[in-house]
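The values are calculated or read from the model by the stated rules, or taken from the named source; none is laboratory data. Source: prediction; values computed, not measured. Cβ atoms come from the backbone with ideal geometry, glycine included; neighbour counts cover every protein chain shown. The area values use the complete protein model at the heavy-atom level, side chains included, leaving out ligands, DNA and RNA. Shrake-Rupley method; radii C 1.70, N 1.55, O 1.52, S 1.80 Å.
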Amino acid sequence: MAEVKVKKETNLSEPAEIENRIKELCQQFPQGITDQVIQNDMPHLEPQQRALAINKLLSLGQLDLLRNSTGLLYRMKDTQGASKMKGSDNQEKLVYQIIEDAGNKGIWSRDIRFKSNLPLTEINKILKNLESKKLIKAVKSVAASKKKVYMLYNLQPDRSVTGGAWYSDQDFESEFVEVLNQQCFKFLQSKAEAAKDGKQSPMVQRNSSFATSHEVWKYICELGISKVDLSMDDIETILNTLIYDGKVEMTVIAAKEGTVGSVDGQMKLYRGVNAILPPTGLVKTPCGLCPVFHDCHEGGEISPSSCIYISEWLDF
């Protein structure tokens, strides 16, 4: 998905200028843009103006409206694909339409067969033909390693298919995730230390130690430790793991509309924290955090001898 960031402030008022700018953003991010991207690029644009421009582009057939896990996406219409489909028979057009409707999550050949009512041999022949024309592509899914999903050739696969930045060739990059954890925590720690050295009041020090996910994302990007493009959602996933580890705390504040990193008028702030006391040994065991601890007893439905979590912990 397109990054929610502002490269420069664009102040447009004429409908034609707004429409052209939206098309430029769609060309800049071929995989699609969200309302938030448009809002961040044109912060002074009224919601009604934005809606009118988008609706006009949709009605003229210049944009496609898609939906993914985060909401609506606007993408430039694939006129090249439409022209390549000229001369194709109805069966090929039907399969292409089914794949197009599946969006960037793709669709299995079994589901194509179910929706088209075509024989499997005919579907395989059509898929090979569409692949040779570079109208569609096959992508391996992390959810099922032996199965492939088909989607339009110019689409960026959804993270539910590829696993996002944390997977490479369907393998989870645990070392890469650990490096990101360390660097994100290091950045928040350095910001907290800088605030402490400021010798200001405790409240000012505390507020100065917070950082937005956009600041952390920018820091990671400038380090150049990632071979893939990371989004702010990716960085927030890493920050959430640090929260679960008790190394970071998060707070949410109100933010002005159009502020970089804000979503629906809210912004998440993060700060590194140090545990006042080290955790006790009991808390480190599964029993110390078990929500059904009081119902656990030998001979019952929940018992220590049948607990898979305690067995895994002992093996570890």
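Would you compute, from DSSP H runs of 4+ residues alone, the mean residue ellipticity of the chain at 222 nm, taking -39500 (n - 2.57) per run and dividing by the full residue count, rounded to the nearest 500?
-14000 deg cm²/dmol
Please report Rg (one decimal) and Dmax (integer) in Å for the Cα set of the chain.
Over the chain's Cα set, Rg and Dmax evaluate to 24.9, 75 Å.
Give me the angle, in degrees from 0 to 90, between the Cα long axis of helix 47-59 and the longest principal axis of the Cα atoms of the chain, rounded to the nearest 10.
Here the helix axis deviates by roughly 40 degrees.
With angles folded into 0 to 90 degrees, how steeply does helix 90-102 sit against the dominant principal axis of the chain? Use alpha carbons for both and round to 10.
Tilt relative to the chain: about 20 degrees.
What pairs in 56/93; 137/268; 115/227; 105/125; 140/247 have C-alpha atoms more than 30 Å from each other?
137/268; 115/227; 140/247
For the chain, build the charge dipole from Cβ charges (+1 Lys, Arg; -1 Asp, Glu) around the Cα centre, then report which of 297, 20, 184 sits farthest towards its positive end.
Highest projection toward the positive end goes to 20.
Could you give the angle, 0 to 90 degrees to the nearest 10, between helix 213-223's Cα long axis and the longest principal axis of the Cα atoms of the chain?
Tilt of helix 213-223: around 80 degrees.
What is segment 15-77's relative contact order, in percent, from Cα pairs under 8 angstrom and six or more apart in sequence?
40
In the chain, what percent of the accessible surface is made up of carbon and sulfur (1.4 Å probe, ligands and nucleic acids excluded)? All intermediate terms of the calculation are to be shown ahead of the outcome.
Values: 10200 of 19660 Å².
So the carbon and sulfur contribution to the accessible surface is 52 percent.
Just the accessible area per residue of the chain, please: how many Å² with a 1.4 Å probe?
62
Any chance you could check the Cα centroid distance between segment 236-259 and segment 163-205 for me, in angstrom?
After rounding, the separation between the Cα centres reads 11 Å.
Is there a quick way to get the dipole size of the chain? I mean about its Cα centre, with the Cβ of Lys and Arg at +1 and of Asp and Glu at -1; what is the value in debye to the nearest 20?
The dipole of the chain has a size of about 940 debye.
Considering the options 242, 314, 104, tell which one lies farthest towards the positive end of the dipole of the chain, charges being +1 on Lys and Arg and -1 on Asp and Glu at the Cβ, about the Cα centre.
Most positive-ward Cα: 104.
So which aspartates and glutamates can residue 191 reach, going by Cα to Cα under 18 Å and dropping same-chain residues fewer than 8 places off?
Hits, sequence-local ones excluded: 215, 222, 236, 249.
Can you find, among 149, 135, 124, the residue sitting farthest towards the positive end of the charge dipole of segment 101-168, where Lys and Arg contribute +1 and Asp and Glu -1 at Cβ?
124
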